[in-house]
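The values are calculated or read from the model by the stated rules, or taken from the named source; none is laboratory data. Only a predicted model underlies this, so the values are computations on that prediction, with no experimental measurement involved. Methodologically, a virtual Cβ is constructed for each residue, glycine included, from the backbone with ideal geometry; neighbour enumeration extends over all protein chains shown.
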Amino acid sequence: MAEHPELRAADSDRERVAADLREHFTSGRLVEEEFGERLETVYASRTMAELERVAADLPDPRPLPVPAGPSELARRRIYQDAGAVVIFDLGCVAVWAATGSNGSFWPKYVILISAMRVARDAWRLLGPARDAARPRRRRRRRY
């Protein structure tokens, strides 16, 4: 429902509701006669409240986004961690280069340790035993 139903409807609002009605018509929720009547009402509407009344008994034709599953959330977390590690490692290489880059390439140790951490976390979250890593609740026996 609109915040201010007394507001006047714009052409874009009418077109949005008309497109929704077309979607309902093609999916079989409206018969041709009813679709025509509602479409005439939409184009004659002056306020947002009138537009809302036209489609009040119809569901929203736009589907809700599918929530991400646990595997997808784990993958996103790994990507975020890996991005942070790469930024940190590049910072270490920049410090090494800014200090003259004399001697051995010491950032290799930082890169190695941070890569091992990301690999460990990826294995825990995405590996074959990812379900076993979650602590299971013990069921208390009732006597």
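Those helices (runs of 4 or more DSSP H) of the range 42-133 in which 2 or more residues are basic (K, R) and on the phi < 0 side of the Ramachandran plot occupy 70-98, 107-126.
To keep it simple, each residue is scored yes or no on (1) assigned by TED's automatic domain parsing to the domain that holds S27; (2) at pLDDT below 95; (3) β-branched (V, I, T); (4) surrounded by 12 or more Cβ atoms within 10 Å (Cβ to Cβ).
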| position | (1), (2), (3), (4) |
| --- | --- |
| E52 | yes, yes, no, yes |
| R75 | no, yes, no, yes |
| T99 | no, yes, yes, no |
| S104 | no, yes, no, no |
| P107 | no, yes, no, yes |
| L112 | no, no, no, no |
| D121 | no, yes, no, yes |
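Is it the case, given these coordinates, that R14 is in contact (Cβ under 8 Å) with a residue 24 or more places away in the chain, more than 30 Å from L112 (Cβ to Cβ) and buried (at least 17 other Cβ atoms within 10 Å of the Cβ)? So R14 fits the description; yes. Yes or no: R62 at pLDDT 90 or above and over 30 Å from L125 (Cβ atoms)? Taking the combined requirement at face value, the residue does not satisfy it.
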